[in-house]
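Notes follow the structure.
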Amino acid sequence: MSRAARRASPWQVGLMAMMCLVSPLGLAAQTLSVNAAGDALRVQARNFPFLEGTVLTRLKEGRSVRVDFELTVLSKPEGPVVKQAVQGFTVSFDLWEERFAVSRAGSPPRSISHLRANDAENWCLENLTMSISSLGIGRDTPFWLRLVYRVQDLAPVTEDPGDRYTLRALIDRLSRRREEADLAKSVSGGPFRLP
Amino acid sequence: MARRLPTRRDMRTLALLVLLLGLPCVQANAQDADAPEGAVIDSVEMSGFSPYSLSPGLQKEFDSLIGTPLNRERLSQLVTRIEGEQPEMVAAVRSVARPDGKAHVIFLVARISDDTDLSENINARYIVESVDIDGPASEVSQGLRDDLQNLVGKRLDTDEAEKLKDRLEKELPGRDIARRISKGSEAGRIRVVFEIIEAPWIPFAPTRSKLVYHAEQGWSGVLDIPITVSGSRHRFTAGLVFNDIDDLIEEYSGFRLGFESRKIGTDKLGVRLDFGHFNATWEDATLSALSINPAIPEPYRNRLTFEPTATFAFSPSVRLAGGVSLSDLESLTHAPDSQKANAWIAGISADHTWKAADGRSSQSVEASYQLRAAVDGLDNDLLYKRHLGQASYRYKQGRGEALGSISLGYISGQPPLFERFSLGNSTTLRGFDKYDIAPTGGERMFHSSIEYRYHHVGVFFDTGSVWDRDGDAKIRYSTGFGVNNDSFFLLLGFPLNGNDATPIFMTGVRF
């Protein structure tokens, strides 16, 4: 076969490139919303789960998982930072009750159990607050939010370099990429105004 | 982690709760013996929490216990309901026999956040039923095995369990230890398993499966199907090659069969047998260049290879390999005449990965050197020595990744075409076409690459040269960008000092 004949036509290459580039866009939309409870600014996130994939597997093996949330208030979509709050949580899964338990680090400590996954995730966000008065922004001033979670202390699965390119390893690697995605995620939104 | 100090009342409640939770495994004396099932309940007490804070329905249920026969299942359901209503608390129940044969029921309720173990892992409320080692338990000292068994019969002490895990890691260097918990044989009991994860001293050879497209060279396909047996000690591989033009100067198709064993009596010794039969086709550019350079051995129609090797591992990171590569090359123009290219193989390789204590970054280094020497005494038609040294470094932090690699090659004598070096494919001098650089390959080679990726999108800069002993080494540079995550790539490479400035598109999967 000649080299010219072996080449794919430009439209084939273009179609392939388009498919590769567009595929990551098929993600569910993640949205943020804010509310206030007294002086506390709280955030709610839709389609922003973290009790899934690798994390869920670890929890169901009876291990606990530490998750750090970071809430950042920005004066523009890409910064500068007005204020940032960080809060750590320890999550475990009650093997007999088949419900989640969450403990908030810091003072005062708070813990809760008998929660479903969605409720446990919401409880974390409810306990991630920021003082409205400390923001120093007026009620008509727009602001943007960035919410990040990072799962800590999850040692990666030992990889056998010899299995790096096998069919099974490909599946593992694709799963692991998913695992890495499970371990840290962020969502941004805005503009918001103080409620 | 800053914690509120528990009050004296909290501490007392906790102490009672711990006592109660631990009691099932403690020999009870006559005074606090468990009341028998069916004994009439004459009093009910709740400690650590006011029963008036419960819902009216639960309060009523609580009050209605008095005068009824003791039913442990009912008490257990009440505990579950209390915890359901008060999710920040844990509850336990105990029934104590009165001297008159009646039962006194005590519900103990405590705040989860007042107990460090429970805050860390809610399963710490349960009694450990058994402790097992998943892996080579015989390599663990008797003392440590005894200490592991000391966890049995008590509430799970996560601190103690972590200390024992650390001791296992110290006793078994080079292996990872993971601790997991599962349900026990009855409610409220758990099994603890310490899993020993062994990293192999001799890894299996990477398979070559890929589907690669290079805008100047077309498609290349390789499918290796590995079958691992005997607990990952042995592996058979059947491979098919479809028009692979990415690896060598020749374009080849055919099949290969392989067998690997990475444990021959010991983790330190492994063997590998590779057999392959390939049909080669040649680019016009290669044939033209060969016709004016008779010093290069002639092209071949079929290539038959058999390569038995043995590997000795000094450590999980450093390995020495040796063997022989036997090749029979059927002439393209004078079939069935053939040439033999049989070479001794010797090589050393090392790799290591360092992970930061916080797990956020890692560095890995790989280095190898291989000599293939086709010398007298191996029934050779082609005599040569081929040296190849390679090293690579990778630093990963979060989503960012920096990579660097260098390769140096040197051949003396008269190497067959499949041994000659080439650059300008989907992994080297990306942006060039190898048939524009050296259509017959070369006897000397230098290549380096640096690359930065963020979330699999990256830029690269390649440098390299391939030339013959009496030729000039022209250094070529290329750069480019695209998506690359080792398994999948979609890149556009630009030659920076080539005769043709046309960018080259490359894409494919390697698995």
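None of the figures in this text is laboratory data; all of them are computed from the coordinates on show. Given the structure is predicted, the values throughout are model-derived calculations rather than measurements. Quick reminder, even Gly has a Cβ in these numbers, built from the backbone with ideal geometry, and neighbours come from all protein chains shown.
Using +1 at the Cβ of each Lys and Arg and -1 at the Cβ of each Asp and Glu in chain B, identify which of B:Thr305, B:Leu118, B:Thr440 lies farthest towards the dipole's positive end.
It is B:Leu118, whose Cα lies furthest towards the positive end.
Enter the angle in degrees (range 0 to 90, nearest 10) between the Cα long axis of helix B:158-171 and the first principal axis of the Cα atoms of chain B, meaning the one along which they spread out most.
Helix B:158-171 sits roughly 30 degrees off the main axis of chain B.
Please report, in debye to the nearest 20, how large the charge dipole of segment B:377-422 is about its Cα centre when each Lys and Arg carries +1 at its beta carbon and each Asp and Glu carries -1 there. Working shown, then result.
Working: 6 positive and 4 negative charges, 77 e Å.
The calculated dipole for segment B:377-422 is roughly 360 debye.
What is the log10 of I(q)/I(0) for the protein assembly as shown, computed with the Debye formula using one identical point scatterer on each Cα and no solvent, at q = 0.06 Å⁻¹?
-0.52
Calculate the mean, over all residues of peptide B:162-173, of how many other protein chain Cβ atoms lie within 10 angstrom of the residue's Cβ. It would help to have the intermediate numbers written out before the result.
On the way: counts 0, 0, 0, 0, 0, 0, 0, 0, 0, 0, 0, 0.
Mean shielding by partner chains, rounded to a whole number: 0.
What's the average, rounded to a whole number, of partner chain beta-carbon atoms within 10 Å of each residue's beta-carbon in B:108-116? Walk me through the numbers on the way to the answer.
Working: counts 0, 0, 0, 3, 8, 7, 2, 2, 2.
Average neighbour count from other chains, rounded to a whole number: 3.
In debye, nearest 20, what is the charge dipole magnitude of segment B:73-164 about its Cα centre with +1 on Lys and Arg Cβ and -1 on Asp and Glu Cβ, if you could check? Before the final figure, lay out each step's value.
On the way: 11 positive and 19 negative charges, 147 e Å.
Approximately 700 debye in magnitude.
With runs of 4+ DSSP H residues as the only contributors, calculate the mean residue ellipticity of chain B at 222 nm using -39,500 (n - 2.57) per run, divided by the residue total and rounded to the nearest 500.
Numbers: 8 runs with 76 residues, N = 511.
Value at 222 nm, helices only: -4500 deg cm²/dmol.
Shielding of B:196-205 by partners, i.e. mean partner chain Cβ atoms within 10 Å per residue?
3
B:Asn71: net charge of surrounding residues, Cβ under 14 Å, Lys/Arg +1, Asp/Glu -1, itself excluded?
Numbers: positive: B:Arg72, B:Arg74; negative: B:Asp34, B:Glu37, B:Glu61, B:Glu73.
Every neighbour counted, the sum reads -2.
At a 10 angstrom cut-off on C-beta neighbours, averaged per residue, how do the peptides A:67-79, B:123-135, B:430-442 rank from highest to lowest? If you can, show how the numbers build up before the last one.
Working: A:67-79: 16.5, B:123-135: 20.1, B:430-442: 23.1.
Per-residue mean Cβ counts within 10 Å order the peptides as B:430-442, B:123-135, A:67-79.
Note the angle between two axes, namely the Cα long axis of helix B:8-22 and the longest principal axis of the Cα atoms of chain B, as a number of degrees from 0 to 90, rounded to the nearest 10.
80
Considering only the other residues whose Cβ falls under 12 Å of the Cβ of A:Val81, what net charge follows from Lys and Arg at +1 and Asp and Glu at -1? Don't skip to the end; give the middle numbers.
On the way: positive: A:Lys76, A:Lys83, A:Arg146; negative: A:Glu70, A:Glu78.
Residues near A:Val81 contribute +1 overall.
Which of the lysines could a cross-linker span from B:Lys396 if the Cα-Cα distance has to be under 19 Å and same-chain partners fewer than 8 positions apart are dropped?
Leaving aside lysines fewer than 8 places away in the same chain, those within reach of B:Lys396 are A:Lys185, B:Lys355.
Excluding same-chain residues fewer than 8 positions from B:Lys183, which lysines have a Cα within less than 19 Å of its Cα?
A:Lys60, B:Lys154
May I ask for the net charge around A:Leu194, where only other residues with Cβ less than 9 Å from the Cβ of A:Leu194 are counted and Lys, Arg are +1 while Asp, Glu are -1?
On the way: positive: A:Arg139, A:Arg193; negative: A:Asp140.
Neighbour charge sum, excluding A:Leu194 itself: +1.
Cross-link candidates for B:Lys474: which lysines have Cα within less than 28 Å, leaving aside residues fewer than 8 places away along the same chain?
Cross-link targets: B:Lys385, B:Lys434.
Relative to the first principal axis of the alpha-carbon coordinates of chain B, what is the inclination of helix B:72-85, with its axis defined by its Cα atoms, in degrees from 0 to 90 and to the nearest 10?
70
Rounded to the nearest 20 Debye, what is the dipole magnitude of chain B about its Cα centre when Lys and Arg each give +1 and Asp and Glu each give -1 at the C-beta? All intermediate terms of the calculation are to be shown ahead of the outcome.
Values: 57 positive and 69 negative charges, 246 e Å.
It works out to roughly 1180 debye.
I need the phi-derived Karplus couplings for segment B:444-458: 6.51 cos²θ - 1.76 cosθ + 1.60, θ = phi - 60°, integer Hz, Gly and Pro marked x.
After applying 6.51 cos²θ - 1.76 cosθ + 1.60, I find 10, 8, 9, 8, 9, 8, 10, 8, 10, 10, 10, 6, 6, 9, x Hz.
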